[in-house]
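Step one of this worksheet: look at the structure below.
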Amino acid sequence: MAQAATAEKHGDYQTLQAENRYTRRIAQFVSGLSYEKIPADVRQRVKLLILDSLGCGIYGSVKEHSKLAIKGIATMDNSSHCGIWGTDQRVSAPHAALLNGTLVQGFELDDIHRKGAMHVGSTTLPAIVALAEMRGGMAGKRFLTAAVAGYEIGPRVGMCMGPNHLGQGWHSGATVGAFAGAASTAAALGLSEERTIDALGIAGTLTSGIMAVQYGAMVKRMNHGRSAQNGLYAGMLASVGYTGIKNVFESEYGGFCTTFSRQREWIKWEELTKGLGEHWETMYDSLKFYSAAASNHTTLDAIRIMRDRKPFTADEVEKVVVHGSQVTKDHVFWKYEPSGSTNMQFCMPYVVATLLIEGDFFVDQCTEDKMADPQRIAHSRKVEFIAEPEITKMGQRYYVRVEIFLKDGTRMEETVEAQRGSESKFATEAQVVEKFEKLVKHVFPGQQVAAIRDAVLGLEKLDDASKLAKLLVKA
């Protein structure tokens, strides 16, 4: 590392490149990836992940905060290159990537890579769709390959940084997410190994995003769109020879990993490239079946399991005690006060209260007219959280042990490590399609919903991915 720092100072690029083995290995993988190298089960899985993200993005367009984001950006952009999903509006490719990524993250329903602690679809797909629409001629196989590049690299950077990256206040979708966007864009453009190194290096210096957005700010959604936009910028700039940081991960001074980690011992360097091309992180991405922050999902599953064993009403509950990690507590637990839909979807006491009352937490249970519901607020006060040092040390942010105490003296307990829709409990194709159709029917007629579904599930047969892009907007 000291040698790399000296090389940076004196411009010795030959020495510098000898010290970028992680960045270079990632670039080799991305530039060398082809459809044929991707196992059949990974190809099938990524199509389901794509369908889910597109459904989330199209549905996201109906939300008021999404409409405000579109209005604000559209006033600065009179381009008509690319469509904004779920609408009849068009903007430039960078703004389309920004807004469509924002829409995918628009209602806390998009995918989550649990160990990487990031939403991959919102940071990856909007950039590829923008490229497909802007340039034309991108075959479905190329689109699918580019998506896999992003789904492989983004989570690996997240795992390298570990849970403390989020715990210290960085919003991982906005930081590590840029590398997912850059990898997918580089793969879509067919960049060489050297140009892919530059794309990663450009993306790395564009990253930012802080977790205070979770307390009600609309801009929480846009943090992910910025990663898609930054990835698009990075790939396009690198494609014309604009250079980036050659050792963006490894640099001792000012590198991504050392800058965004408070303590160097937290950095798990080997996660960047371990099993790359043999162990597929795409298969470890998870889907969400609750419209809430992912850190809440195992708690909701635990309550549903206990309620299935012994039915009880919200009024019968004395208190709910959740035992989990410190990172989970920091991420989603605070006293609920009405302050915006993001707060409503993140705050565990509110989410649990809603599940107790309505039996679910999907889009129909999470509307703004319920934000200040006195009944929900009252039940939210029954929820407690104990950060257990043993669970924190495990490094499993979603692991929870939930206790429910009923007023009649009954005590129940359930432990859940992985939520419904996780990599170990992944949904069937029918379940993914059902969720997609439930969401998109709010925006498009049935014929268009079916056309999108069929285009994605048959993506490898598509001669031009711009045809898919056209289906994502209103005529």
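Readers should treat all values here as calculations from the given coordinates under stated rules, not as data from a laboratory. Not measured: the values here are computed from a predicted model. Reconstructed Cβ throughout: ideal geometry from the backbone, glycine too, with neighbour counts over all protein chains shown.
Specify whether the C-alpha gyration tensor of the stretch 109-184 places it in the rounded, prolate or oblate class, a ≥ b ≥ c being the square roots of the eigenvalues: rounded for a/c under 1.5, otherwise prolate if a/b is larger than b/c and oblate if not. Note, shape of the stretch 109-184 comes out prolate. Pairs LYS47/LYS274; LYS274/LYS467; LYS220/LYS435; LYS246/LYS461: which exceed 26 Å Cα-Cα? The answer is LYS274/LYS467; LYS246/LYS461.
Candidate cross-link partners of LYS470 among the aspartates and glutamates, defined by an alpha-carbon separation under 12 Å and a same-chain spacing of 8 or more, comprise ASP88, GLU133. Electrostatic tally near MET236: other residues with Cβ closer than 15 Å to its Cβ, Lys and Arg +1, Asp and Glu -1, net 0. Ranking THR259, ALA74, TYR290 by Cα position along the charge dipole of the chain, where only Lys, Arg, Asp and Glu carry charges on their C-beta atoms, puts ALA74 farthest toward the positive end.
Per-residue Cβ neighbour counts within 10 Å put HIS323, HIS119 in the sequence HIS323, HIS119, beginning with the fewest.
Can you give me the angle between helix 219-239 and the longest principal axis of the chain, using Cα atoms only, in degrees from 0 to 90, rounded to the nearest 10? Long axis of 219-239 versus the principal axis of the chain: about 10 degrees.
Of all lysines in the structure, those lying under 18 Å Cα to Cα from LYS393, and not within fewer than 8 positions of it along the same chain, are LYS115, LYS268, LYS329. How big is the gap, in Å, between the Cα center of the stretch 314-337 and the Cα center of the stretch 15-79? Answer, in whole Å: 33.
Relative contact order for the chain: what is it in percent, counting Cα pairs under 8 Å that are at least 6 residues apart? Computed over the chain, the figure is 21 percent.
Net charge of the neighbourhood of MET211, taken over other residues with C-beta under 12 Å away and scored Lys/Arg +1, Asp/Glu -1, is 0. Could you tell me whether the stretch 294-416 comes out rounded, prolate or oblate from its Cα gyration tensor? Rule is a ≥ b ≥ c as square roots of the eigenvalues, rounded for a/c under 1.5, then prolate if a/b exceeds b/c, otherwise oblate. Judged from the Cα gyration tensor, the stretch 294-416 comes out oblate (a/c at least 1.5, b/c at or above a/b).
From its DSSP helices (H runs of at least four residues, each -39,500 (n - 2.57)), the chain gives a residue-normalised ellipticity at 222 nm of -16000 deg cm²/dmol.
For the chain, the longest principal axis of the C-alpha atoms and the axis of helix 140-161 are separated by about 70°.
In summary, the aspartates and glutamates within cross-link reach of LYS310, defined as a Cα separation below 20 angstrom excluding same-chain residues under 8 places away, comprise ASP301, GLU318, GLU358, ASP360, GLU403, ASP408, GLU413, GLU414. When both the stretch 215-272 and the stretch 132-207 are represented by their alpha-carbon centers, they are found 9 Å apart.
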